[in-house]
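Report on the structure given below.
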Amino acid sequence: MATLVKGTCLLNEPMARHTSYGIGGPAAAYVRPADREDLASVLNFANENQVPVYFAGSGSNLLIADRGVDGIIIALNKTFTGLRFDGNRVYAEAGVKLDHLVKMTIKRNLSGLENLIGIPGTLGGALIMNAGAFGSEISDCLSKVHLINRQGQETIIPAEDINFGYRSSSFPPDEIIVAAEFELVNGSPEEIKNKQERASSGRKASQPLRFRSAGSVFKNPRPDLAAGYLIDKAGLKGTRIGDAEISAKHANFFINHGHATANDMVQLIKLARTKVFEKFNIKLELEIKTLGFESEIFSS
């Protein structure tokens, strides 16, 4: 496997090194392909040998099991970082950091993505999750997406052929996003700056940015009902299991104080779900992605 990859291939690599949580056991192989040809050859190898493949981005929205993952984890965040501007049109590869993309559009007085300032992670992950904040979603300005399938074939899909919802999309799970194109609009520098500052200050005021986390753990049940509010009203703010804690600043952020395990986080997730359901008869749905767990662990 390692000889096949032109980029980086790390065997039995602890995924705690590659997630914003700082949590996760070893992946059988952690691969950063050098380019699209390299990515296609890795996907072909996995397809021919029936090896499971997972896509990790920068690991900012990901909880990986303590036992690790038996398969190949592919990350594009260090190599697929091309970014081009042509007037109002933007072409960005999937490994570009979303925050960097937003800053570059703001610098050019292009409006449409400024409310997403400060959201961690890569463009690819943001598209899969249809990342959003302060009334905007990344799909709002999307025009095309470039994908590579398990056979190494690339396709370009127009945005209107993709079903986007709240923190969801219809991208096939066995295809990987390699790039996207956006159509933005010229905006006034003052208005763009005001939106940017409003989003930045809102994030700093409400989120525990000094601690390791994976962002919002649960989706909001409704646009007018926040998961963090429900967890708070269930009396769980500040609840701690091991080194994992439901943040006292934002109850939908679960933070790692240094040595939290995936199991600690799982126990907090189950506790929050149970207490919110008992108090409000609402079942919270995970927003973070999980890898390496038994399918029933979060429902029990």
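The values are calculated or read from the model by the stated rules, or taken from the named source; none is laboratory data. Model, not experiment: these values are computed from the prediction. Glycine gets a Cβ as well: all are built from the backbone with ideal geometry, and neighbour counts include every protein chain shown. What goes into the accessible areas is simple: the full protein's heavy atoms, side chains included, and nothing from ligands, DNA or RNA. Shrake-Rupley method; radii C 1.70, N 1.55, O 1.52, S 1.80 Å.
Our estimate of slack between Tyr166 and Val51, defined as 0.36 nm per intervening residue step minus the Cα-Cα distance, is 38.3 nm.
Under 22 Å of direct C-alpha separation, and excluding same-chain neighbours fewer than eight residues apart, Lys6 reaches these lysines: Lys78.
Express the accessible area of the chain per residue in Å², computed with a 1.4 Å probe while the remaining protein chains stay in the model. Intermediate results must be reported in sequence, preceding the final value.
Values: 13970 Å² over 300 residues.
Computed with neighbouring chains in place, this is 47 Å² per residue.
Global dimensions of the stretch 130-237 from alpha-carbon coordinates: Rg and Dmax equal 17.5, 50 Å.
Express the Stokes-Einstein translational diffusion coefficient of the stretch 158-212 in µm² s⁻¹, to the nearest whole number, given a Kirkwood radius over alpha-carbon pairs, 37 °C and a viscosity of 0.692 mPa s. Walk me through the numbers on the way to the answer.
Working: Rh = 15.1 Å.
Rounded, D is 217 µm²/s.
Kindly state, to the nearest 0.05, the FRET efficiency for Arg89 paired with Asn44, given R0 = 30 Å and r defined as their beta-carbon distance. So the FRET efficiency works out to roughly 0.40. For a straight C-alpha distance cut-off of 20 angstrom, the lysines reachable from Lys107 (same-chain residues fewer than eight places away being disregarded) are Lys97, Lys193, Lys195. Evaluating kT/(6 pi eta Rh) at 37 °C and 0.692 mPa s, with the Kirkwood radius of the stretch 86-135 over Cα pairs in the Stokes-Einstein relation, gives 298 µm² s⁻¹.
Return a whole-number percent for the relative contact order of the stretch 182-292, with Cα pairs under 8 Å and 6 or more residues apart as the contact set. Before the final figure, lay out each step's value.
Details: 145 pairs, mean separation 29.5, N = 111.
Across the stretch 182-292, relative contact order equals 27 percent.
Rounded to the nearest percent, how much of the accessible area of the chain (1.4 Å probe, protein heavy atoms only) is carbon and sulfur? Solvent-exposed carbon and sulfur of the chain make up 47 percent of the total. Among Ser247, Val96, Phe134, which residue has its Cα positioned farthest towards the positive end of the charge dipole of the chain, with +1 placed on the Cβ of Lys and Arg, -1 on the Cβ of Asp and Glu, and the dipole taken about the Cα centre? Farthest towards the positive pole: Ser247.
Mind giving me the FRET efficiency for His259 and Glu197? R0 is 41 Å, r the Cβ-Cβ distance, nearest 0.05 is fine. Rounded to the nearest 0.05, the efficiency is 0.70. Approximating the spin labels as points 7 Å out from Cα along Cα→Cβ, the Gln267-to-Thr81 distance works out to 3.9 nm. Using the Cβ-Cβ distance between Asp224 and Arg108 with R0 set to 45 Å, the FRET efficiency from 1/(1 + (r/R0)^6) comes to roughly 0.85.
Could you give the Stokes-Einstein D for the chain in µm² per second, using the C-alpha Kirkwood radius, 20 °C, 1.002 mPa s?
Working: Rh = 20.0 Å.
For the chosen part, D equals 107 µm²/s.
When the chain is treated as a GNM with alpha-carbon contacts under 10 Å, the residue of Thr105, Thr19, Thr155 showing the greatest mean-square fluctuation is Thr155. In plain terms, if you count all Cα to Cα distances in the stretch 165-300 and split them into 5 Å steps from zero, the share in each step is 2, 9, 15, 18, 17, 14, 12, 7, 4, 1, 0 percent. Distances between every pair of Cα atoms in the stretch 1-129, grouped in 5 Å steps from 0 to the bin holding the largest one, split as 2, 11, 19, 20, 18, 13, 9, 6, 3, 0 percent.
In straight-distance terms, cross-link reach from Lys270 covers every one of the lysines whose alpha-carbon lies under 25 Å from its own, apart from those fewer than eight places away in the same chain; here that gives Lys219, Lys233, Lys237, Lys249, Lys279, Lys283, Lys289. Label positions at Ala248 and Asp174, each projected 7 Å from the Cα along the C-beta direction, are separated by 4.9 nm.
Semi-axes of the stretch 97-177's equivalent ellipsoid from the Cα gyration tensor, sqrt of 5 times each eigenvalue, largest first, rounded to whole Å? Mind showing how you got there, number by number?
Numbers: eigenvalues 104, 35, 27 Å².
Its equivalent ellipsoid spans semi-axes of 23, 13, 12 Å.
What nm value, rounded to one decimal, do you get for the distance between Ile156 and Phe211 when each label is placed 7 Å out toward the C-beta? That separation, rounded to one decimal, is 4.6 nm. Relative contact order of the chain: 17 percent, from C-alpha pairs under 8 Å at least 6 residues apart in sequence.
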